[in-house]
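Peer 1: My questions will all concern the structure given below.
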């Protein structure tokens, strides 16, 4: 039997930390969060992830950053531009739901099959204070829902229909990802 070491970034708050179960407060003064937003964008890009929420770095503020890029594990996902969303609120979600595999920096080395609405409408503010109302579909909608859950103290594990659909990333590569390539 061999033991593998999982490297966790020191800035990431991981499952089991009670702060991940707290509800974040609304950002009232946008001039105070610019540095937080930039730190989140830098960390997201360093970790090569699709999204990051403020509580994952210990900030109880309603901020998420999303920028979907193709990765070795998810080479087929559609890419997106960078979105910095302050006080995001999902105001509409389609009844049409799709299961998809999700990972999370706060649940290292694991992925799970999670049902999500295929289409959502989100109200949010950008760093410049402008208000936005945008509709997102597919994978990008999934990522935004995942990150918004963090703002309300929820992890994807709580959204799964069947805990038997939880896997290590390594086993996902071997059994799930490879079977989808056949």
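Peer 1: Expressed in nm to one decimal, what extension gain is obtained for the pair residue 137 and residue 47 from 0.36 nm per residue of sequence separation less their Cα-Cα distance?
Peer 2: On the way: separation 90, 0.36 × 90 = 32.40 nm, distance 2.38 nm.
My answer for the length gained is 30.0 nm.
Peer 1: Rounded to the nearest 0.05, what FRET efficiency is calculated for residue 11 and residue 82 with R0 set to 22 Å and r the Cβ-Cβ distance?
Peer 2: 0.70
Peer 1: Starting from 0.36 nm per residue, how many nanometres of slack lie between residue 127 and residue 30 once their C-alpha separation is accounted for?
Peer 2: Additional length available on full extension: 34.2 nm.
Peer 1: Roughly what would the spin-label model give for residue 22 and residue 170, points 7 Å off Cα along C-beta, in nm?
Peer 2: It works out to 3.5 nm between the two label points.
Peer 1: Let me ask something else. In the range 18-181, what % of DSSP beta bridges are antiparallel (nearest 5)?
Peer 2: Percent antiparallel among DSSP bridges in the range 18-181 is about 95.
Peer 1: In degrees, nearest 10, range 0 to 90: what is the angle between the Cα axis of helix 138-151 and the longest Cα principal axis of the chain?
Peer 2: 70
Peer 1: May I pose another question? Of the candidates 140, 32, 157, which one comes out as most mobile in a Gaussian network treatment of the chain with C-alpha springs shorter than 10 Å?
Peer 2: 32
Peer 1: Report, in degrees rounded to the nearest 10, the 0 to 90 angle that the Cα long axis of helix 34-47 makes with the longest principal axis of the chain.
Peer 2: For helix 34-47, the angle is close to 20 degrees.
Peer 1: Oh, and also: Okay, helix-only estimate at 222 nm for the chain: each DSSP H run of n ≥ 4 adds -39500 (n - 2.57), divide by all residues, round to 500 deg cm²/dmol; what do you get? List each step's numbers first, then the result.
Peer 2: On the way: 3 runs with 32 residues, N = 182.
Taken over the chain, the calculation gives -5500 deg cm²/dmol.
Peer 1: In nm², what is the average projected area of the convex hull enclosing the Cα atoms of the range 138-178?
Peer 2: Computing the convex hull of the Cα atoms and averaging its projections yields 3.6 nm².
Peer 1: Assuming 0.36 nm per residue, please report the length gained on full extension of the stretch residue 70 to residue 38 beyond their Cα-Cα distance.
Peer 2: 9.4 nm
Peer 1: Can you tell me which of 40, 85, 110 moves the most in a GNM of the chain? Springs connect C-alpha atoms under 10 Å apart.
Peer 2: In the Gaussian network model the winner is 110.
Peer 1: Okay, moving on. For the chain, set up a GNM with springs between Cα atoms under 10 Å and report which of 13, 111, 97 has the largest fluctuation.
Peer 2: Among 13, 111, 97, the largest mean-square fluctuation in the Gaussian network model of the chain belongs to 97.
Peer 1: Also, I was wondering about something else. Taking just the C-alpha trace of the range 27-147, give me its Rg and Dmax in Å.
Peer 2: In Å, with Rg to one decimal and Dmax whole: 13.9, 38.
Read the figures in this text as sums done on the coordinates, not as results from a lab. If you're wondering where the values come from, they're calculated on a predicted model, not measured in any experiment. All Cβ positions, even for glycine, are placed from backbone atoms using ideal geometry, and neighbour counts span all protein chains on display.
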